[in-house]
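Single-structure report; data block below.
The values are calculated or read from the model by the stated rules, or taken from the named source; none is laboratory data. Bear in mind the structure is a predicted one, so any value in this text is a computation, not a measurement. Using ideal geometry, Cβ is built from the backbone for each residue, glycine included, and neighbour counts are taken over all protein chains shown. Keep in mind that these areas ignore ligands, DNA and RNA; they rest on the heavy atoms of the full protein, side chains included. Shrake-Rupley method; radii C 1.70, N 1.55, O 1.52, S 1.80 Å.
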Amino acid sequence: MPPHQDLKTLRELLGPDLQISFVVKDLDAALDLWTLQMGVGPFVVFEKSLGDRRFLHHGKVSDVQMSVALSYRGETQIEIITQVNDAPSIYSEFFASGREGLQHIAFAAADYEQACRRFQAIGFKEVSAIHMPDGTKNVSYFQSPESVGVVVELVPMTPARRTYYDRIKALAASWDGMDPVRRYRDSVEFLAKVCS
């Protein structure tokens, strides 16, 4: 397949959704900055974002404990992650390198498995993944070529993910500045309470 056709195929696989993700040590301080100073919100926080899923780092299960906050600025999803323990992960390695802030960008792929294969074919190396209880992989983190400069995440655009992405986007579009942070145990609780 000619290179320009490869690019078109990958562009179609990745779809229109784009996320920029920040990894921070102090989630509350980051949320204050984004909501009170930058006017982005509201943020939906998943306190136990992994739920019953398993985190694998370099192929080994790691007991990562993390919270995730999501909002939108226009069409772009903003994610803020904090890891609350020191289990091996792309986040703890990021902190260990002395960094904090922008850590990865993410795409929600229409055909996740094919998108993962295409990424690997062009030089991206999977370093972490999150698996569902049945063993199905539903998040992949790739070390990217140096010219990209950040980790790239791929997730499948499942019906549940589409539902809560759209609901959070709608909350951001109509936000009046009140109730800037809305906390839930995980995405399952958010879907049950807000999206039913």
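How much length would be gained if the chain were fully extended between N85 and T163, taking 0.36 nm per residue of separation minus their Cα-Cα distance, in nm to one decimal?
Stretched fully, the N85-T163 segment lengthens by 25.1 nm.
Roughly to the nearest percent, how much of the accessible area of the chain is carbon and sulfur, given a 1.4 Å probe?
Taking all protein chains in place, the chain shows 53 percent carbon and sulfur surface.
Convex hull over the Cα atoms of the range 105-196, averaged projected area in nm²?
The number I arrive at for the range 105-196 is 7.7 nm².
Report Rg (one decimal) and Dmax (nearest whole number) for the range 69-145, counting Cα atoms only, units Å.
According to the Cα coordinates of the range 69-145, Rg and Dmax are 13.9, 36 Å.
Within 10 Å, at most 12 other Cβ atoms, and a DSSP state outside H, G, I, E, B define an exposed site. Report the longest part of the chain free of exposed GluC sites (Glu not before Pro).
Longest site-free region, per DSSP loop and neighbour criteria: 1-74.
Go ahead and estimate [θ] at 222 nm for the chain from helices alone: -39,500 (n - 2.57) per DSSP H run with n ≥ 4, summed, over the residue count, rounded to 500.
Only helices count here, giving -8500 deg cm²/dmol.
Taking springs between alpha-carbon atoms closer than 10 angstrom, which of S67, S97, S140 fluctuates most in the Gaussian network model of the chain?
S97
Using a probe radius of 1.4 Å on heavy atoms only, what accessible surface per residue do you get for the range 1-143? Whole Å² is fine.
On a per-residue basis, the range 1-143 sits at 50 Å².
Can you bin the range 1-128 into rounded, prolate or oblate? Criterion: square roots of the alpha carbon gyration tensor eigenvalues sorted a ≥ b ≥ c, rounded for a/c under 1.5, prolate for a/b above b/c, oblate for the rest. If you can, show how the numbers build up before the last one.
Working: a/c = 2.14, a/b = 1.35, b/c = 1.59.
In terms of gyration-tensor shape, oblate.
Taking 0.36 nm per residue of separation and subtracting the Cα-Cα distance, what length does fully extending S147 through S174 add?
Here the segment from S147 to S174 would lengthen by 6.0 nm.
³J(HN,Hα) across the range 66-74 via Karplus (A = 6.51, B = -1.76, C = 1.60, θ = phi - 60°), whole Hz, x for Gly/Pro?
Each residue of the range 66-74 in turn: 8, 10, 10, 10, 10, 8, 9, 10, x Hz.
GNM, the chain, Cα, under 10 Å: largest mean-square fluctuation among A96, A109, A87?
Its mean-square fluctuation being the largest, the pick is A96.
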